[in-house]
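In what follows, a single structure is set out as structure tokens and then discussed.
Here, each number is a calculation from the coordinates, and none is a lab measurement. Since we're looking at a predicted model, the values are computed, not measured. No Cβ is skipped: glycine too gets one built from the backbone with ideal geometry, and neighbour counts run over all protein chains shown.
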Amino acid sequence: METSEKIERYLAHDLSPDDRLAFEAELAVNPVLQEMLGRKRAAQAIMAQLRHDALIERMKQWDAEKKRPVVVQNASLLPWIIVAVLLVAVLGAYYYFKSVESPSPEVQPIKNVENPVDQAQYPRETAPDNSDGTQSPKQAQDPPLASTETALPRLSRELLALYSAPNSTLSQEGVKGSGPADDIFDQALSNLKNPDSAALNVVLLSAMKTRGDADIEYRRQELLGHSYILLKNFQAAADCFKKNSPLSAESSWYYHFCLAFDYEKNKKEVDAFITNGQQHPYSEQITALARILKKK
Amino acid sequence: MQFKTWTDADIIAAYKRQDMEVINAFLKHLYCRSDWYRDTLSYVRANSGNEQDAEDVFQSSLADWDQNLMDGKFTVNPEKGSLKAYFMVIVRNKWLNILRSRKVKFAEIKPDSIDVAVSGFTNNGDIYEVLRSFAREILEQIPGKHCKTLMLLRYEKYSWKQIAEMVGISNEQSARIEEQRCRKRLESVIEHHPRWKIIWEEHKEDLLNMDRYGN
């Protein structure tokens, strides 16, 4: 057997026990053989690298086949989306006829957006059935909803103006993605200020909670956070954004933004955030926040 | 081929016997399967990345994961970690390196948010890294695709008949001779490469003692 072949068979554990022992005995005393073995191992590493590169190329081909089951995920949400659309239509009709019958005071559409079982706000037949008392731990953890209708201090008014400013990420609908969690989030967020969104978001939030995976839960907390901002319950909003751990750039901005509404109490944390905000993707908003707080 | 009932031990066994047909099919399955990619996406997104970042990290992590298994750097210990956990460790390390290179300071990265309980990772990573870096250098010096394709197919344990058909060589014997010629040329490139002497001097013991799957 040629030496080169013997080395290859040794590396492939293809030698008989006796031949292997004999080879190892020779290897121990033969520096030329040692270096040949070393070169063979280096050659193997090169083969492995070839495979690594080839695998990356193959993945590009698999990408082209588009078999990644995002579609499946969307499909699992499809029934909920259909239900949402139908409910919006039914509720739209309900509110329309109600307003025709008796002009009502201004609707507070996003009140109780998380808890759909609000008999004063929604007709019984549209509320998801929680009558069996089975609530997930996450439901129990969500802070109680409360709308602050009293006159806001100047700081809060200025911060809310920043929140609604045309260049804010909220008005740009945040960081768009293509996953199902993003789709549902973008849809809900863009409709947040629309009167119909109360009904839509009740269903969407329920759907997200039912779905329950980490990605959806992440977006659900963000959506809840935005809802609480619009309800002017800033502490509850901050709690929602903080639940997303580790914080994304987006959540970290909104969390500290919400803390700023109670600047006296949260001064240390907000100031630290502003100080380190130069590298933050939301640095523009952070600068505006700093400007508002400086006036105070 | 049905993979849902496969265990980690089955996959490791396929790598151990270098059953490339099974391994390649399994990798394709993994690549197209949602939860590995989705977990990568969730992790990258939660740490200041976007979907494109996740795609890149996922691809290169899967290729590294495959290479580490080929190198026998993972053995099964069901009590301590799974192949998926091992994959997520690679994802995490890769993404943290990217973040460091981007000098991201704002994100509150919590590396421990991934279950990193993985065993069987033989940590003589130095020699593997040295060889990988050397391999990349050598591959740049080998012109043309013909030899690379031949050597890759042989490495992936295709039969000479299959190789001849795939590369368009008239018969098995010619494919074998052609591949051996390419490998001799490769070994000659290694031998005369200025870095080889340094690697050999510095890592001689590792090179002589490293062995696949601890055999």
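For segment B:84-100, take each phi angle, set θ = phi - 60°, evaluate the Karplus expression 6.51 cos²θ - 1.76 cosθ + 1.60, and give the result in whole Hz per residue in order, putting x for glycine and proline.
5, 4, 4, 4, 5, 5, 5, 4, 4, 4, 5, 5, 4, 5, 5, 4, 5
Quick one: if the Förster radius is 22 Å, what FRET efficiency do B:ARG17 and B:ALA85 give, using the C-beta to C-beta distance and rounding to 0.05?
On the way: r = 23 Å, r/R0 = 1.06.
Step by step, r from the Cβ atoms, then E = 0.40.
Less than 12 Å Cβ to Cβ from B:GLU129, Lys/Arg counted +1 and Asp/Glu -1: what total charge do the surrounding residues give? If you can, show how the numbers build up before the last one.
Working: positive: B:LYS73, B:ARG132, B:ARG136; negative: B:ASP64, B:ASP71, B:ASP126, B:ASP206.
For residues surrounding B:GLU129, the net value is -1.
Using r as the Cβ-Cβ distance of A:ARG291 and A:GLN235, and R0 as 22 Å, what FRET efficiency do you calculate, to the nearest 0.05? Provide the component values of the computation, followed by the final result.
Details: r = 23 Å, r/R0 = 1.05.
For R0 = 22 Å, the calculated efficiency reads 0.40.
Roughly how many nanometres apart are two label points built 7 Å out from the Cα toward the Cβ at A:ALA89 and A:GLU24?
Output for this residue pair reads 7.6 nm.
Out of B:PHE58, B:LEU41, B:LEU27, whose Cα points farthest toward the positive end of the dipole of segment B:14-62 (charges: +1 Lys, Arg; -1 Asp, Glu; placed on Cβ)?
Towards the positive end, the residue furthest out is B:LEU27.
Please give the length that would be gained between A:LYS267 and A:LEU162 if that part of the chain were fully extended, namely 0.36 nm times their separation in residues minus their C-alpha to C-alpha distance (nm, one decimal).
Numbers: separation 105, 0.36 × 105 = 37.80 nm, distance 1.85 nm.
Between A:LYS267 and A:LEU162, full extension yields an extra 36.0 nm.
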